[in-house]
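See below for the structure under consideration.
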Amino acid sequence: MRALPAVVDRGEFDALVVRTDHHDDRAWQNVVAALTEPRGDEQYEAHIHFVDDPAWAEATVDEVLTAVRTDEDLSVVFLADRTTMQAGNHALLVVTTLTREDCEDDEDYEQLIEFGREFRTVPAGVHEIHANLSIGNLGFEEFAAAAHDDPEGIHRSL
């Protein structure tokens, strides 16, 4: 497993989006544009820390998790992978950073990963997921369940 550069200067409340596919810059620009659109009636500004470094090209989920594991404020990371770049809806891969050691017990961990440790979300879902996880309003498993219930396996909105 290769070592990836450290993620630096991420704000405590910024969602982390890591680009792992570097084949299509135009698709990446479209993903960034979709992620930075103001949200809601109040037009809230998106708070996202982007990692757009070719050193992360083709990084696996496990490599990314190893690289971000030291960030104690991070419970989820969003990956812009090949599927993200090729899909019309630019659905990002959402991966929990939590491990068994972060959970109270085996039952708690099993509930967390009932639908797996990852799922996909449309760009608008990044804000909803990150904000709710940050304040403890909803858990990863609730968003994963919503994606599981979608015919395409994508979280769209609760």
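Every read-out reported here was derived from the displayed coordinates using simple, explicitly stated rules and does not represent laboratory data. Computed from a prediction, not measured in an experiment: that's the story for all the values here. Positions of Cβ are generated from backbone atoms using ideal geometry, with glycine treated the same way; all protein chains shown enter the neighbour counts.
Summary table
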read-out: Alpha-carbon centroid distance for the pair region 143-158 / region 112-140, whole angstrom; value: 10
read-out: Paired Rg and Dmax values of region 1-141, which use every Cα atom, in angstrom; value: 14.7, 44
read-out: Value of relative contact order over region 15-149, rounded to a whole percent, pairs C-alpha under 8 Å and six or more apart; value: 25
read-out: Under-5 Å amide H pairs with Glu58, H placed in peptide plane, nonlocal only; value: Asp21, His22
read-out: Protection-proxy order for peptides 114-120, 13-19, each taking the mean of Cβ atoms within 10 Å per residue, highest first; value: 13-19, 114-120
read-out: Packing-based ranking, highest mean first, of 66-74, 141-149 given that Cβ atoms within 10 Å are counted; value: 141-149, 66-74
